[in-house]
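Input: a single structure, listed below in structure tokens.
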Amino acid sequence: MKPAAFHYHAPSTVEEAIGLLSEYAPQDGHILAGGQSLVPAMALRLATPAHLIDINNVEELGGVRTESGYLCIGACVRHNAFEQPIVEGPLGRLLATVVRHIAHYPIRTRGTFCGSLAHADPASEWCLVAATLGAELLAQSTRGVRTIAVEQFFQGVMTTALAPDELLVEVRLPLLSKETRFGFSEFSRRPGDFALAMALVVRGEETRIGLGGVEASPRRIAAADAAVEPLRDPRYSAEYRRDLARTVVRRALEQCS
Amino acid sequence: MQLKLRVDGAERTLEAEPRHTLADVLPTHAGCEHGVCGACTVIVDNEPVRACLMFAIQARGKEIRTVASLAACSTAGEALHPLQRAFNEHHALQCGYCTPGFLMLALPLLDRIKKMTDEELREALSANLCRCTGYQNIVKAVRAAAEAMR
């Protein structure tokens, strides 16, 4: 099917983008970033936004920088920017390892890191990375800028703490110390397909275990044997997903032992 | 609405609404039209993209390359690009519906294929669906084309 008609806006600054979002959000206006999830949803008429505010021409959102111990990722940074380590040290290597599991090559040339977080698909690899590492998310609107801790950001399947008029302008990931080791394991039916379960283990001064694809939102679990509440899905039983969760956590732990 | 796009090195003026994707306005094969199959793949600023997931209006000012740019027109007729020739020689197509998409997917890979492991190449080519060949010959053809172009 073809997407339903919409009004197209192409701001070139963040000021302009949030101005348009504030004006059109009450009339079903949404942000268009990489479009690799939104456009399929529109083609299937699962989404029929009345206005799209395309941020791809906003140059100030296209950059990555390190600042006071954080890697700051702008809203338009695409998945393929992480295929070679984007920053020295374990964090760059971790992101380069994980990115290979995200969809496919021509999707990674368009889809964005921040777009994945704003979309909040339970099977999103970047959402798992953000949840495991304790990311900070910067939301901007005409009302101002606020920082949202990742623990408050994900609120369920494709549901986040972002208000309709807020633009996710940047995500900040803490840099990892030199000695940090990590392991990542994902199970999906086909390469590039949605993850049914994935785990990220990061061992530095403390050990962090993150679990994704199993529950409504990815999260850091307190211990490898933590109780989980799997998604309800007619194709995959809760017990099956629990079993996959145990397997991917074990594999990720083994990688960094 | 009139839209000016640069397609295969030439400026084209097209009639398009914002909801029209590149797959709607370019002569590409459209398959699933929601980003799964890759049949509509074109190259935008040197990177392969799903034409059905990019609105045509977003491609203003960008360099778009379609399969039509591959075979150079000469007075002696059409000469196939080494990638097309390799697909032909290695039986990397049968019905041919996915072929333009595979050619556009593989073309940007040819420069860096020497550094790619078989696993990496297969991962990259797994982006597109082919229901005839079983993929083995597509992998062979892409490697052979890179060899031929060295």
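Filtered by the rule that a residue be surrounded by fewer than 20 Cβ atoms within 10 Å (Cβ to Cβ), part of a strand (DSSP E or B) and without any contact (Cβ under 8 Å) to a residue 60 or more places away in the chain, segment A:139-176 gives A:GLY144, A:VAL145, A:ARG146, A:THR147, A:ILE148, A:ALA149, A:THR159. Could you grab me the full set of residues in segment A:180-191 that are in a loop (DSSP other than H, G, I, E, B) and either under 19 Å from A:ALA135 (Cα atoms) or at pLDDT 95 or above (or both)? Within segment A:180-191, just A:THR180 meets the criteria.
Selection over segment B:114-150 of residues that are part of a loop (DSSP other than H, G, I, E, B), under 23 Å from B:TYR97 (Cβ atoms) and aliphatic (A, V, I, L, M) gives a count of 2.
Scanning segment A:36-57 for residues that are farther than 18 Å from A:SER12 by Cβ and either without any contact (Cβ under 8 Å) to a residue 40 or more places away in the chain or facing chain B (nearest Cβ under 8 Å) (or both) returns A:GLN36, A:VAL39, A:PRO40, A:ALA41, A:MET42, A:ALA43, A:LEU44, A:LEU46, A:ALA47. Residues that are farther than 19 Å from B:CYS130 by Cα and out of contact with any Gly (no Cβ under 6 Å at 6 or more places or on another chain) are absent from segment B:32-41. Within segment A:88-96, the presence of a residue that is within 14 Å of chain B (Cβ to nearest Cβ), assigned to a strand (DSSP E or B) and not aromatic (Phe, Trp, Tyr) is excluded. Kindly establish whether B:LEU107 is crowded, with 18+ Cβ neighbours inside 10 Å and either free of Cβ contacts under 8 Å to residues at least 60 places away in the same chain or over 23 Å from B:SER69 (Cβ atoms) (or both). The answer is no for B:LEU107. Under the condition of being in contact (Cβ under 8 Å) with a residue 40 or more places away in the chain, more than 14 Å from every other protein chain (Cβ to nearest Cβ) and part of a loop (DSSP other than H, G, I, E, B), the residues counted in segment A:1-28 number 1.
Checked against the criteria, B:ILE43 counts as at pLDDT 95 or above, surrounded by 20 or more Cβ atoms within 10 Å (Cβ to Cβ), closer than 15 Å to A:PRO106 by Cα and within 14 Å of another protein chain (Cβ to nearest Cβ). For segment A:192-229: of the residues being in contact with a helix residue (DSSP H, G or I) (Cβ under 6 Å, 6 or more places away or on another chain) and at pLDDT below 95, which is surrounded by the fewest Cβ atoms within 10 Å (Cβ to Cβ)? Within segment A:192-229, the match that is surrounded by the fewest Cβ atoms within 10 Å (Cβ to Cβ) is A:ALA224. Filtered by the rule that a residue be within 12 Å of another protein chain (Cβ to nearest Cβ) and outside any loop (DSSP other than H, G, I, E, B), segment B:97-113 gives B:GLY101, B:PHE102, B:MET104, B:LEU105, B:ALA106, B:LEU107, B:PRO108, B:LEU109.
Here is the figure for segment A:99-115: residues that are in contact (Cβ under 8 Å) with a residue 60 or more places away in the chain and either more than 14 Å from every other protein chain (Cβ to nearest Cβ) or of a type outside the set (A, V, I, L, M, F, W, C) (or both) total 7. A:THR159 fulfils the conditions (1) within 25 Å of A:ILE107 (Cα to Cα); (2) over 17 Å from the mean Cα position of the chain (by Cα) except for a single criterion, (2). Looking at segment B:14-88, the strands (runs of 3 or more DSSP E) lying wholly inside it that each contain 3 or more residues that are without any contact (Cβ under 8 Å) to a residue 40 or more places away in the chain and either farther than 17 Å from A:MET42 by Cβ or in the same structural domain as B:SER126 (by TED's automatic domain parsing) (or both) sit at B:72-74, B:77-79.
Per-residue answers, yes or no, for (1) polar (S, T, N, Q); (2) under 26 Å from B:GLU123 (Cβ atoms); (3) in the same structural domain as A:PRO230 (by TED's automatic domain parsing):
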| position | (1), (2), (3) |
| --- | --- |
| A:ALA75 | no, no, no |
| A:GLY92 | no, yes, no |
| A:VAL99 | no, yes, no |
| A:THR112 | yes, yes, no |
| A:LEU117 | no, yes, no |
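Residues that are in a strand (DSSP E or B) and within 18 Å of B:LEU22 (Cβ to Cβ) within segment A:29-59 comprise A:LEU32, A:LEU52, A:ASP54, listed in sequence order.
The values are calculated or read from the model by the stated rules, or taken from the named source; none is laboratory data. Please read all numbers here as calculations on a predicted model, not as lab measurements. Cβ: placed from backbone, ideal geometry, glycine included. Neighbour counts: every protein chain shown.
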